[in-house]
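Chemist: Sending over a structure as structure tokens; questions will come in a sec.
The values are calculated or read from the model by the stated rules, or taken from the named source; none is laboratory data. The structure displayed is predicted, hence computed values, not measured ones. Cβ: placed from backbone, ideal geometry, glycine included. Neighbour counts: every protein chain shown. SASA here: full protein model, heavy atoms, side chains in, ligands and nucleic acids out. Shrake-Rupley method; radii C 1.70, N 1.55, O 1.52, S 1.80 Å.
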Amino acid sequence: MENVSIKCADNIEDEIRAQVMDEIDLSYDVSDEEIHKLIKEKIILKARQYPISLKKRQQIESHVFNSLRKLDVLEDLLNDEDITEIMINGPDHIFIEKAGRVIHSKEKFSSEEKLNDIIQNIVANSNKIVNESNPIVDTRLKDGSRVNIVLKPAAVDYSIISIRKFPKEQMTMSKLEQYGSISKEQIQFLQKMVKAGYNIFVSGGTGSGKTSFLNALGEFIPEDERVITIEDSAELQLKKVENLVRLEARNANLEGKNEISIRDLLKSSLRMRPNRIIVGECRGAEALEMLQAFNTGHDGSCSTGHSNSCKDMLSRLETMVLMGAEIPLPAIRQQIASGIDIIVQLGRLRDKSRKLLEIAEVEGIENNEIKLNTLYKFKEQGEKEGRIIGGWEKVGKLIHTDKLYASGLSLD
């Protein structure tokens with residue numbers, strides 16, 4: 001029988017938190033060690049009234065300290081490496097994703113005010129602002145995890161936080177191969193494409209692993225090249241690139257001024273003498289600047305976007321360009337066909353596994369339509385113990401080999 005019930009433990013945590021807050025001397029900067037010491041003293045006093053197990057004592061100490069100095073109940077969830085996504089639908093409803101399955105966490109915030117305090121703490125650390133006038137913000141945590149926050153009135157009931165965690169170790173192609181997400185033949189093909197300076201666009205649905213895949217592609221970039229990354233929230237970790245410039249967009253302030261958009265950063269990056277430009281995600285009117293950058297001698301550039309297939313990605317790019325400028329469709333398609341060389345389609349299958357589904361070459365324009373040449377395609381062969389079994393078929397052969405041969409490489 002547990003010595004202290006969950007409800008009783010929650011009450012003890014609240015009492016100890018209040019006692020510690022009352023005794024903290026705010027006239028000087030109190031260290032973490034002093035906070036821990038004070039919490040332990042209060043727990044020992046409580047243990048004289050209630051029998052508290054050693055495990056429960058450690059849990060109470062951790063929870064109280066995190067609520068005072070860190071991100072409250074979020075801290076334990078962020079430290080759990082098995083959790084890949086955290087979805088907070090108000091103070092009492094926290095959902096987490098583990099091994100591709102979404103489950104309801106037992107953790108909860110003490111109040112809505114505490115949740116809102118944590119939100120302000122998160123955005124303040126990245127010099128951003130979120131309030132009723134500006135209720136939606138994208139930001140990141142210190143470990144690089146992606147955060148989306150929505151407040152009232154955009155969020156009807158409670159403040160919403162969505163956190164996409166990233167592994168502490170950078171994703172590599174060898175790890176993706178171990179997970180069964182890609183084959184060795186495809187890795188060798190993409191390595192040559194990156195080294196030869198083919199412009200690669202990674203597409204896929206939400207949670208398909210686009211950013212992680214882009215990180216993995218980065219290990220093939222030659223070390224002597226200057227690379228500029230442009231993102232809404234800086235997430236890419238191209239650790240093997242020495243000459244690296246990381247740029248991050250910024251929302252407008254309370255007066256609606258001082259916004260720095262991805263379009264602004266793309267225009268500025270062209271004056272920084274980049275060899276390659278990597279746009280973290282293309283979602284809107286910045287698609288035009290991205291294509292212009294791809295078409296102005298920055299071979300080997302990359303970006304990502306949301307779509308269900310390689311063909312759908314082309315249609316989405318056309319729509320995104322039209323959001324920024326009224327350009328005739330044939331001109332847009334010509335920009336896409338000449339700017340993007342390879343499209344890599346990622347997906348999440350029904351068994352929750354992430355897979356590379358297709359690699360297609362942008363062949364060119366035919367009858368005013370962009371023609372794709374599919375090179376590799378994943379084909380299902382059945383299921384075994386709930387896991388999808390399948391393999392990759394080589395469907396076509398690369399047509400545009402000029403960059404490959406100019407780099408002294410070949411596919412043989």
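Chemist: Could you give the nm distance between label points at ASN127 and ASP299, where each point is 7 Å from its Cα heading toward the beta carbon?
Modeler: Those two pseudo-labels are separated by 3.7 nm.
Chemist: Ok, one more. How would you order 314-322, 201-209, 368-376, 98-106 from highest to lowest mean count of nearby Cβ atoms within 10 Å?
Modeler: Per-residue Cβ counts within 10 Å, averaged per peptide and sorted highest first, yield 201-209, 314-322, 368-376, 98-106.
Chemist: Can you tally the net charge around ILE44? Count Lys and Arg as +1, Asp and Glu as -1, for every other residue whose Cβ sits under 12 Å from the Cβ of ILE44.
Modeler: +4
Chemist: Count the lysine pairs in segment 156-213 whose Cα atoms sit under 23 Å apart, keeping only pairs 8 or more residues apart in sequence or on different chains.
Modeler: 12
Chemist: Let me understand segment 285-412 better: what is its radius of gyration from the alpha carbons, and its Dmax, in angstrom?
Modeler: Just the Cα atoms of segment 285-412 yield Rg and Dmax of 16.5, 52 Å.
Chemist: Let me ask something else about it. For helix 6-23, what angle does its Cα long axis make with the longest principal axis of the chain, in degrees from 0 to 90 and rounded to 10?
Modeler: The angle comes out at about 80 degrees.
Chemist: As a check on your grasp of the helix formula, calculate [θ] at 222 nm for the chain: sum -39500 (n - 2.57) over DSSP H runs of n ≥ 4, divide by the residue count, round to the nearest 500.
Modeler: -11000 deg cm²/dmol
Chemist: Quick check for you: with a 1.4 Å probe and neighbouring chains kept, what is the accessible area per residue of segment 297-412, in Å²?
Modeler: For segment 297-412, the per-residue accessible area is 53 Å².
Chemist: Against the longest alpha carbon principal axis of the chain, how many degrees, from 0 to 90 and to the nearest 10, is the axis of helix 32-47 turned?
Modeler: That works out to roughly 50 degrees.
Chemist: I would also like to ask the following. With axes computed from alpha carbons, what is the tilt in degrees of helix 112-125 against the longest principal axis of the chain, rounded to the nearest 10 within 0 to 90?
Modeler: Helix 112-125 and the main axis of the chain meet at about 50 degrees.
Chemist: State the dimensionless ratio Rg/Rh of segment 228-292 (Rg: radius of gyration of Cα atoms; Rh: Kirkwood radius).
Modeler: 0.98
Chemist: Suppose we take every Cα in the chain and form the convex hull; what volume per residue is that in Å³?
Modeler: Hull volume normalised by residue count: 181 Å³.
Chemist: I've got another one for you. 7 Å from Cα along Cα→Cβ at both GLU169 and ASP412: what's the point-to-point distance in nm?
Modeler: So the label points at GLU169 and ASP412 sit 3.8 nm apart.
Chemist: Pull out the extension gain between SER53 and GLU223, defined as 0.36 nm times the separation in residues minus the alpha carbon to alpha carbon distance; nm, one decimal.
Modeler: That works out to 55.8 nm of additional length.
Chemist: Near LYS403, within a Cβ-to-Cβ distance under 15 Å, what is the net charge of the other residues, with Lys and Arg +1 and Asp and Glu -1?
Modeler: Here the charged neighbours net out to -3.
Chemist: Considering only the other residues whose Cβ falls under 13 Å of the Cβ of GLN178, what net charge follows from Lys and Arg at +1 and Asp and Glu at -1?
Modeler: +1
Chemist: Let me ask something else. Would you mind telling me which residue in ARG48, ARG273, ARG387 has the biggest mean-square fluctuation in a Gaussian network model of the chain, where springs connect alpha carbons within a distance under 10 angstrom?
Modeler: ARG48
Chemist: A further question on this structure: Using a cut-off of 14 Å between alpha-carbon atoms, which aspartates and glutamates can reach LYS239, once sequence neighbours fewer than 8 places away in the same chain are excluded?
Modeler: GLU169, GLU219, GLU223, ASP224, GLU225
Chemist: How large, in percent, is the carbon and sulfur part of the accessible surface of the chain at a probe radius of 1.4 Å?
Modeler: Carbon and sulfur: 47 percent of the exposed surface of the chain.
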